Amino acid sequence: MTMLKKYYGRVYKHHGQWKISVQHNGTRKTFYSSTPDEKGRKECAQKVVDWITSGAVPANKSRLTVDDVYSAFLRDKALETDDIYNIQNRYKNHIKPIIGTIKLEKLTVQDFKRVISTAYSQCNLSRKSLLNLRGDLSLFCGYLFDAGYRQDLSTARVKIPKSAKKSVKEILTAQDACLLFTCENTLFNNKVVKDYYIYAYRFQLLYGLRPGELMGLQWNDVDFENGTITIQRAINAKGKQTAGKNDFAYRVLPLSSHAIELLTAQNSEYRTDPKDPTERIFGDYTSLCYRKRWRIFCKYNGIHYVTPYELRHTFASFNKKSQTWVLDKVMGHAHDGISLSVYSHDTEGDMDDVPTMLDDNLIAQIERGLTHLK
């Protein structure tokens, strides 16, 4: 039985209009409809459904649990942004099991500390994951303050364990990259076939795009005449389209000759409707499907598996000799220098050119000094 049918059967006539009284989470409300016949009855029941699903919370604060209010917090958060998938998962897996049943008025900072310590000791979360978890709790404290529930809660004294491991990102080796650009087959339904995503894998490594940005590319983003491609949307893990991670996610990038080759091949082999400019370049799939196919491709071709997001780290590592502002622009980073400081890693042969570089730099300085002496 649907919720609408449930309350539809409880609507009754009262003084010539439809009426229903409902109690939900400790709050009782009455709804009316003066619309005649069954249409008004249905309208009255729909008002109840709208009230319940809109996140109504109890008026009696003493009955509120953390789960009551956190659920409302998540619903309000969903009105602000589509990107709450990770926030919902962190609540479900790490916050709700620890403090979900606690009455809101009895919630303390110590309970927040218990969330973090449990996630660390029992789930072995990395330092970054624990920071994200504490960030969620901080947002929740702000919500409690703004909604007038509690004004005394803060995460300022909630510390991250010093021994929490730092997440270690992996990158492809030069040999792995060579295999990526020379192999194209994979297993699909126990058959050896050309990988549908082969050009997507290569294009992502070529530009260091976020997986969601790669999945969001449409053919009208490509301007072959002027040699550019515009990054202006992303597809999140649930398949919903977003504007991207930050204000710098929108960017217009020049197409390299290799990028043009990849896009041309994708267009000729896999484009389904050349008349549809909004068709997604690498298919109407989610980043989760892309990740699964990439893993299978790596296993079949003997490539050390790194996550699709770590292809972004690989890009930064392969291009760390580029100017910092160039990397930041191509990767769409909001903070100067983050491409080199966070995303680039040591690669084989990094130090080979260092002796020559040191000599050249010293000689350049000496020659500059001689010029001034003259």
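The values are calculated or read from the model by the stated rules, or taken from the named source; none is laboratory data. Because the structure is predicted, anything quoted here is derived from the model rather than measured. Counting neighbours? That spans all protein chains shown, and the Cβs are built from the backbone with ideal geometry, glycine included. Heads up: the accessible areas ignore ligands, DNA and RNA and are worked out on the full protein's heavy atoms, side chains in. Shrake-Rupley method; radii C 1.70, N 1.55, O 1.52, S 1.80 Å.
At a glance:
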{"read-out": "Residue selected from the stretch 118-145 under the condition of a type in the set (G, A, S) and over 19 Å from K169 (Cα atoms), by the criterion surrounded by the most Cβ atoms within 10 Å (Cβ to Cβ)", "value": "A119"}
{"read-out": "Cβ pairs under 8 Å, 6+ apart, first in the stretch 230-242 and in a strand (DSSP E or B), second modelled with pLDDT of 80 or more and surrounded by fewer than 15 Cβ atoms within 10 Å (Cβ to Cβ)", "value": "T230/D223; T230/Y250; T230/V252; I231/Y250; I231/V252; A234/Q241; I235/Q241"}
{"read-out": "Scan of the stretch 146-180 for residues that are open to solvent by 80 Å² or more (accessible area, probe 1.4 Å), out of contact with any Ser or Thr (no Cβ under 9 Å at 6 or more places or on another chain) and assigned to a loop (DSSP other than H, G, I, E, B), ordered by number", "value": "Q151, D152, R157, K159, K162, S163"}
{"read-out": "Hits in the stretch 121-133 - residues which are closer than 22 Å to D67 by Cα and touching a Lys or Arg at 6+ places or on another chain (Cβ under 9 Å)", "value": "S129, N132, L133"}
{"read-out": "Residue in the stretch 30-37 that is under 43 Å from the mean Cα position of the chain (by Cα) and closer than 30 Å to F73 by Cβ present", "value": "yes"}
{"read-out": "Filter result (under 28 Å from T65 (Cβ atoms) and either assigned to a loop (DSSP other than H, G, I, E, B) or modelled with pLDDT of 85 or more (or both)) within the stretch 23-45", "value": "N25, G26, T30, F31, A45"}
{"read-out": "Qualifying residue in the stretch 200-219 (condition: open to solvent by 30 Å² or more (accessible area, probe 1.4 Å) and free of Cβ contacts under 8 Å to residues at least 12 places away in the same chain)", "value": "no"}
{"read-out": "Checking Q151 against (1) touching a helix residue (DSSP H, G or I) at 6+ places or on another chain (Cβ under 9 Å); (2) closer than 30 Å to R271 by Cβ, the condition it does not meet", "value": "(2)"}
{"read-out": "Complete set of residues in the stretch 63-81 that are open to solvent by 80 Å² or more (accessible area, probe 1.4 Å), under 25 Å from the mean Cα position of the chain (by Cα) and either closer than 20 Å to K128 by Cβ or in contact (Cβ under 8 Å) with a residue 12 or more places away in the chain (or both)", "value": "R75"}
{"read-out": "Per-region count, the stretch 164-189, residues of a type in the set (G, A, S) and under 16 Å from H258 (Cα atoms)", "value": "1"}
{"read-out": "Members of the stretch 253-263 that are over 11 Å from F203 (Cα atoms) and open to solvent by 70 Å² or more (accessible area, probe 1.4 Å)", "value": "P254, S257"}
